[in-house]
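Encoded as C-alpha cells, the structure appears first; notes follow it.
The values are calculated or read from the model by the stated rules, or taken from the named source; none is laboratory data. Since this is a predicted model, take the numbers as computed values, not measurements. Here the Cβ is made from the backbone with ideal geometry for all residues, glycine too, and neighbour counts use every protein chain on show. All accessible areas refer to the heavy atoms of the entire protein, side chains included, with ligands and DNA or RNA removed. Shrake-Rupley method; radii C 1.70, N 1.55, O 1.52, S 1.80 Å.
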Amino acid sequence: MAKNTVAEQFVDILVRAGVRRLYGVVGDSLNPVVDAVRRNRSLEWVHVRHEETAAFAAGAEAQLTGRLAACAGSCGPGNLHLINGLFDAHRSMAPVLALASHIPSSEIGTSYFQETHPDRLFAECSHYSELISSAQQMPRVLQTAIQHAVGRGGVSVISLPGDIAAHPAPQRSIEHALVTRRPAVRPGDAEIDALARLVDGARRVTLFCGSGTAGAHDEVMAFAERVKSPVGHALRGKEFIQFDNPYDVGMSGLLGYGAAYEAMHECDLLILLGTDFPYNAFLPDDVTIVQVDVRAEHLGRRSTLDLAVWGDVGETLRCLTPKVREKSDRRFLDRMLKKHSDALEGVVKAYTRKVDRHVPIHPEYVASVLDEEAADDAVFTVDTGMCNVWAARYLTPNGRRRVIGSFTHGSMANALPQAIGAQFLDRRRQVVSMSGDGGFTMLMGDFLTLVQYDLPVKVVLFNNSSLGMVELEMMVEGLPAYGTTNHNPDFAAVARAAGAYGVRVEKPKELRAALKDAFRHKGPALVDVVTDPHALSLPPKITGEQIGGFALSVGKVVLDGGVGKMVQMARANLRNVPRP
Ligand SMILES: Cc1ncc(C[n+]2csc(CCOP(=O)(O)OP(=O)(O)O)c2C)c(N)n1
Ligand SMILES: [Mg+2]
C-alpha cells in the first residue's frame, strides 16, 4: 500500500524489520520522522538526553536480542553525538540502524548551518552508510541498510535530508521480504577432516572461547569431554561458556585469572572458538593453532594459524565431534584444573576474605556481594574501567544472566545507556548498571531518562573519586598519577533530587542491606558506594618490564612525598598481586 510520506514509509519498514523503539533527540530535520513515529502505534520514540546514549541503548538491545535496533539524531551535531555509541555497537557486531537526519537537500555542499557529511562521517563505524537523495530511492536503500546490519552484524547509517523525509512517498513502493535472522554456517568437509586429523594427532588440546560460542555451550562441552581439553575464555566468551563447565580454566587477557594462560601455552593444539581476542601477547607462538570463526575476515588476524575454519562454532563442533577419536588420557586436563583452582584460591578469593571491615569499602567486596544479591537472570551492564575487572572476576555466569559492556571498543560511560536499552526490552527483568564515577558522570544527564520513563534500572556506583583504571595504567608505566582525581558530589543525594531512590554506602556492613533495598525498590535506584581508590588489579602474567614500571611509579610517588598513599595502596593490594 502506498504511504503518505517518505518518513511514514521509513517508519513502516523499520516496524516490519522488527524494530520496536527509536532512541534519539528530536531536531527540525528529524521532525517528519518523529511525527510519523508518534502516529505509529508499533514504534516508540524514546527521548534520551544525549544521542550517544541513544546509540548505546540501541546497541544493548541488539546485543541482548540479536535483532535489529535503531537510533536517530538530528542534522549536524545531533547525529554527530551518536558516533561513539555507534562505534561501540559496530565493533560489538550489534545490528543497529542509525538515522542521521540531514540539512535540506538543496543546501548540501554550501557550508549551510549545521552542515556535516554524515554519510562520510559514519563510514568508518558502519557496514553501509548512504545518503538518500530522492523519495524513490528510500525504500530500497533502507532495506539494503537493514540487510547489511543484520547480515553482517553491525551498524548501518541512513542520512536523510528533512525535506525528503517530508516528501510524498512514490505511489508504488516496493515491499521486499526482509531477512531478520542470520543463517547457520557450516565449514567445508575438507576443513572438518583436516581439523579432525589435527585433533587425533594431538596429545594436549586446549579450547579458547569467545562470544562466537553463544548458543554453543552444549557442543563445546561435548567436544571438551571427548578430547579431555581444558576450556579457557576471553571476556566476551565468559557469559556463554563459564557456567556448568567442568573444564573451565578461567580467563586470559589483561583482566584474566586462573590457568587459561598456562593451558593455552602448555597444550600442543590450541583451538580458538569464535574469538577475536586482540592481545596476541597472550597467545602462544610455538603450538599448533586452529581458529574457527563465522567471519572469514577474522581468521588469522591475531596469530599465525595452522588451519583456518570458516563456520559457526556450534555447526563446526556438531560436524567435528563424531569424527574425532575419544581420548582417555585426562592428565593434562586434570593438571590444568588443579592449577586453576589453586590460582583462584590464592588470588581471587583471598581479596574478599577480610574485607568486610575494610573502610573505604573494597570494590572487590562490592562486586562479590552484588554477585550474591543480584537476580539469577539479571542483566549487568559494565562500565569501562575497573568495573570491567570486578565484573570479570566476581560475576557468576549461569546461562541466564547477561553481561554486556564496551569490551571491544572500550568506551567509558557505556553502562548506564546500555542499561536503558536492556530495561526497555523487559521492564520486569533486573538490570544492574555497574558504573564507575568517571563513566557515570560522563553521561549523567541520562540518569534523568530512568526517572522520566520510570525505568527500574539499579545503578551500583563504584565511586572511588578517581579515574582509577588510568591511575593504575600510569603506575604500571612508571608515571605518578596525574589528572585522575574526581571531585564528586554525594550521588545518592543527586539521585534523590532527580526523583529516584538514592542511598550512599560508606561502611561495608551497610552494603548488603543497601543493595537488597535498592533491588526491592520498584523504580530507578542508585547505590553510591564509596570505594577504595587504591585497589589495584594486575593481569595473571605481568612482564618484568611492567613490574619495573610499577616499582618505578611507586618510587616516584614516594619521592614526591606520597608515602602515605603507597602504604595504603600496599595494604589494599598485598593479597591481590599474583605471586610467581
Ligand atoms: C570515552 C573514553 N574516554 C577516556 C577513556 C580512557 N579511560 C579508560 S578507563 C578510564 C577511567 C574510568 O574511570 P571510572 O569510570 O571512574 O572507573 P574506575 O576505573 O575508577 O573504576 C579512562 C579515563 C576511555 N576508555 N573512554
Ligand atoms: Mg572511578
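Observations on the structure shown:
- Looking only at residues in the stretch 451-473 that are more than 30 Å from Asp426 (Cβ to Cβ) and open to solvent by less than 40 Å² (accessible area, probe 1.4 Å), the one that is farthest from ligand 2 (Cβ to nearest atom) is Leu472.
- Count - residues of the stretch 433-450 that are touching a residue at least 60 places away in the same chain (Cβ under 8 Å) and within 16 Å of ligand 2 (Cβ to nearest atom): 2
- The residue pairs whose first member lies in the stretch 281-304 and is in contact (Cβ under 8 Å) with a residue 60 or more places away in the chain and closer than 19 Å to Leu254 by Cβ, whose second member is hydroxyl-bearing (Ser, Thr, Tyr) and open to solvent by less than 20 Å² (accessible area, probe 1.4 Å), and whose beta carbons are closer than 6 Å, counting only pairs six or more residues apart or on different chains, are Phe282/Ser252.
- A Cβ distance below 9 Å, combined with a sequence gap of six or more or placement on separate chains, defines the contacts here; from the stretch 333-345, residues that are farther than 17 Å from His233 by Cα reach residues that are assigned to a helix (DSSP H, G or I) and open to solvent by 50 Å² or more (accessible area, probe 1.4 Å) in the pairs Arg335/Glu266.
- Residue match in the stretch 359-379 (condition: open to solvent by 60 Å² or more (accessible area, probe 1.4 Å) and more than 25 Å from the chain's Cα centre (by Cα)): yes
- Verdict on Gln430 being in contact with a Pro (Cβ under 9 Å, 6 or more places away or on another chain), open to solvent by 10 Å² or more (accessible area, probe 1.4 Å) and away from ligand 2 (no atom under 15 Å from the Cβ): yes
- In the stretch 1-84, counting only helices (runs of 4 or more DSSP H) that sit wholly within it, the ones holding 2 or more residues that are closer than 30 Å to Gly399 by Cα, at pLDDT 95 or above and of a type in the set (Ser, Thr, Tyr) span 51-65.
- Of Phe440, Phe462, Phe447, all but one fail to be aromatic (Phe, Trp, Tyr) and out of contact with any Ser or Thr (no Cβ under 9 Å at 6 or more places or on another chain); the exception is Phe447.
- Meets criteria (within 16 Å of ligand 2 (Cβ to nearest atom) and buried (at least 23 other Cβ atoms within 10 Å of the Cβ)) for Gly421: no
- Filter result for Asp28 (of a type in the set (Asp, Glu), more than 18 Å from Phe424 (Cα to Cα) and more than 24 Å from the chain's Cα centre (by Cα)): yes
- Condition check for Arg496 on (1) within 14 Å of ligand 2 (Cβ to nearest atom); (2) open to solvent by 10 Å² or more (accessible area, probe 1.4 Å): one failure, at (1).
- Screening the stretch 159-256 for strands (runs of 3 or more DSSP E) wholly inside it with 3 or more residues that are open to solvent by 10 Å² or more (accessible area, probe 1.4 Å) returns no ranges.
- Answer residue from the stretch 274-327, given it is touching a Phe, Trp or Tyr at 6+ places or on another chain (Cβ under 6 Å) and more than 20 Å from Gly153 (Cα to Cα) and is surrounded by the most Cβ atoms within 10 Å (Cβ to Cβ) among those: Leu317
- Residue in the stretch 512-534 that is crowded, with 22+ Cβ neighbours inside 10 Å, within 16 Å of ligand 1 (Cβ to nearest atom) and at pLDDT below 95 present: yes
- Members of the stretch 384-407 found to be open to solvent by less than 20 Å² (accessible area, probe 1.4 Å) and over 24 Å from Asp356 (Cα atoms), listed by number: Arg401, Ile404, Gly405, Ser406
- The lone criterion from (1) open to solvent by less than 70 Å² (accessible area, probe 1.4 Å); (2) in a helix (DSSP H, G or I); (3) at pLDDT below 95 left unmet by Arg140 is number (1).
- Exactly one residue out of Arg496, Arg512, Arg504 is of a type in the set (D, E, K, R), outside any helix (DSSP H, G or I) and over 21 Å from Pro417 (Cβ atoms), and it is Arg504.
- The single condition from (1) modelled with pLDDT under 95; (2) more than 27 Å from Val382 (Cβ to Cβ) that Arg186 fails is (1).
- Annotation: of all residues in the stretch 453-501 being among the charged types (D, E, K, R) and touching a residue at least 40 places away in the same chain (Cβ under 8 Å), the one that is nearest to ligand 1 (Cβ to nearest atom) is Glu471.
- Hits in the stretch 88-116 - residues which are open to solvent by 30 Å² or more (accessible area, probe 1.4 Å) and either in contact with a strand residue (DSSP E or B) (Cβ under 8 Å, 6 or more places away or on another chain) or within 14 Å of Arg152 (Cβ to Cβ) (or both): His90, Arg91, Met93, Pro104, Ser105, Ile108
- Among the residues of this structure, Arg67 does not count as one that is within 14 Å of the chain's Cα centre (by Cα) and among the basic types (Lys, Arg).
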